[in-house]
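Each remark here refers to the structure printed beneath this line.
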Amino acid sequence: MNMDLLDETPREGGCQCGAVRFAAKGILDNPHVCHCRMCQRATGNFFAPLVGVPNDRLDWTGTAPAVFESSEGHERGFCAACGTPLFYRRSGGRHTSLMIGCFDDPAGIPLLYEFGMESRRAQLDALGTVEAWT
């Protein structure tokens, strides 16, 4: 499955404290949520919302993110100052999967699919049925 958002509009984003900023120029692919246990642990959440950007179309415009090897051949990036999880990528790969929530306008990135359904948390089934506040 592949879905490209092919306009040339730069999409910007960054971490919670603003130290790490990025610009993704024109191509976003495979917007999805991943329910795998690695993504749950890395984000401290039920899933990770991700969208791919070719590395040659991604610029880090603020402080460079800190990076660690989360498993063999896989890296995750985060802000060293505030801890915001920013991305997942294969070591030496050609694209980076950015956390959709880190974009300044995440509403402009539609989801295509869910991945890692074997680890999808049952608590998500309650959404829409529990009390909701603003």
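The values are calculated or read from the model by the stated rules, or taken from the named source; none is laboratory data. The shown structure was predicted, so the numbers you read here are calculated from the model rather than taken from an experiment. All Cβ positions, even for glycine, are placed from backbone atoms using ideal geometry, and neighbour counts span all protein chains on display.
Structure data summary
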quantity	calculated
Residue 71 modelled with pLDDT of 95 or more and small (Gly, Ala, Ser)	no
Filter result for the condition that a residue is out of contact with any strand residue (DSSP E or B) (no Cβ under 6 Å at 6 or more places or on another chain), without any contact (Cβ under 8 Å) to a residue 12 or more places away in the chain and on the phi > 0 side of the Ramachandran plot, over 26, 128	128
Positions within the stretch 72-96 being closer than 13 Å to residue 18 by Cα and small (Gly, Ala, Ser), in sequence order	80, 81, 83
Per-region count, the stretch 28-65, residues in contact with a Leu (Cβ under 9 Å, 6 or more places away or on another chain) and among the aliphatic types (A, V, I, L, M)	6
Any strands (runs of 3 or more DSSP E) falling wholly within the stretch 37-109 and containing at least 2 residues that are surrounded by fewer than 18 Cβ atoms within 10 Å (Cβ to Cβ), of a type outside the set (Gly, Ala, Ser) and free of Cβ contacts under 8 Å to residues at least 12 places away in the same chain	66-71
Residue ID - surrounded by the fewest Cβ atoms within 10 Å (Cβ to Cβ), chosen from residues in the stretch 110-134 that are hydrophobic (A, V, I, L, M, F, W, C) and more than 17 Å from the chain's Cα centre (by Cα)	133
Every residue from the stretch 8-27 that is β-branched (Val, Ile, Thr) and over 16 Å from the mean Cα position of the chain (by Cα)	9
